[in-house]
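Each value in this text was obtained by applying a stated rule to the coordinates, not by laboratory testing. Here the structure is a predicted model, which means the values were calculated and not measured. Glycine gets a Cβ as well: all are built from the backbone with ideal geometry, and neighbour counts include every protein chain shown.
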Amino acid sequence: MTTSSQPGVRAAASAEPLTLRERKKLRTRRELIDTALELFTEKGFEATTLDELCAEVEVSKRTFFRTFDSKEDVAMAPTQDLWAAFVDELESCDPAGRPLIEVLRDVLLAALARMTGEGWARRVLLSRHLTERTPSMGAHGLHFCDRTVRVAEEIVRRRITLSGASDLRLRLVLDMMVAAFHSAMDEWSDLPGDPSREALAACFRRAFAAIPGSIATTAALREHTAR
């Protein structure tokens, strides 16, 4: 499943009304995500079988695999939807001669603004907590992140003229964006209560704003270390 194939993102972006079949598919997808996150949180990711999940939602495994590739895929769908929206936004953004890091920041914030579904922020929080204690989800997330960065690289090269930047510079800018995203997620997930999508956007902005200063930060031994 590629980053641009998420039906929830396509539905949010489309101005055309959904057909009855599309609405049913979207409803089933949401039920699978919500039920998976609840079961995985309550019983544990490894302890919950795919058969149990499908039985709870009353769908066949064939229906599940038409929607998701794996248990990890359904458990991480809320964040993957955000990055699918990021890829969509990158395909249509106008950089207007600005620094690429600012373009990527605004594209990611635009993608976040599209995450308007009820309960999306809570799903992200549940997914993140599961990832922290589930090695297979962590590995899945790393693979998804690398794939998304590669897709973003291809889009930038195809659509955007960079001011003498090499492939290395492009990759480093994308990696800084991803690092800022992870830093923002760390801050956001530690907020009390049920932090909102707006709070996540604020964390994104703070993390991105810290990038220039972090690069210019100097280093020296502490006084007691130098003795």
query: Where does the charge balance sit around residue 184 when Lys and Arg score +1, Asp and Glu -1, over other residues with C-beta under 9 Å from its C-beta?
result: 0
statement: At R0 = 22 Å the Cβ-Cβ FRET efficiency linking residue 216 and residue 149, nearest 0.05, sits at 0.35
- prompt: Among the helices of the chain (complete DSSP H runs), which have Cα atoms covering no less than 30 Å along the helix axis and a Kyte-Doolittle mean of at least -1.0?
  reply: 135-159, 167-189
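Per-residue counts of other Cβ atoms within 10 Å, averaged by peptide: what ranking do you get for 34-40, 135-141, highest first?
Per-residue Cβ counts within 10 Å, averaged per peptide and sorted highest first, yield 34-40, 135-141.
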query: What FRET efficiency comes out for the pair residue 31/residue 109, r = Cβ-Cβ distance, R0 = 45 Å, nearest 0.05?
result: 0.95
message: Test of understanding: what is the full-extension gain from residue 129 to residue 163, defined as 0.36 nm times their sequence separation minus their Cα-Cα distance?
response: 8.2 nm
- request: Pop a pseudo-label 7 angstrom from the Cα along the beta-carbon direction at both residue 65 and residue 202 and give the gap in nm to one decimal.
  value: 4.6 nm
field: Those lysines that a straight Cα-Cα span of less than 27 Å connects to residue 43, excepting residues fewer than 8 apart in one chain
entry: 25, 61, 71
Dipole of the chain, positive end: most advanced residue of 32, 112, 59 [Cβ charges, Cα centre]: 112
task: Rank by packing, highest mean first: peptides 172-184, 147-159, with packing defined as the count of other Cβ atoms within 10 Å averaged across residues.
output: 172-184, 147-159
task: With only Lys, Arg, Asp and Glu charged, each at its Cβ (+1 for the first two, -1 for the last two), find how big the charge dipole of segment 154-227 is about the Cα centre; round to the nearest 20 debye.
output: 400 debye
task: Using +1 at the Cβ of each Lys and Arg and -1 at the Cβ of each Asp and Glu in segment 3-213, identify which of 203, 160, 134 lies farthest towards the dipole's positive end.
output: 160
message: I need the peptides 74-85, 103-114, 54-65 ranked by packing, meaning the mean over residues of other C-beta atoms within 10 angstrom, with the highest value on top.
response: 74-85, 103-114, 54-65
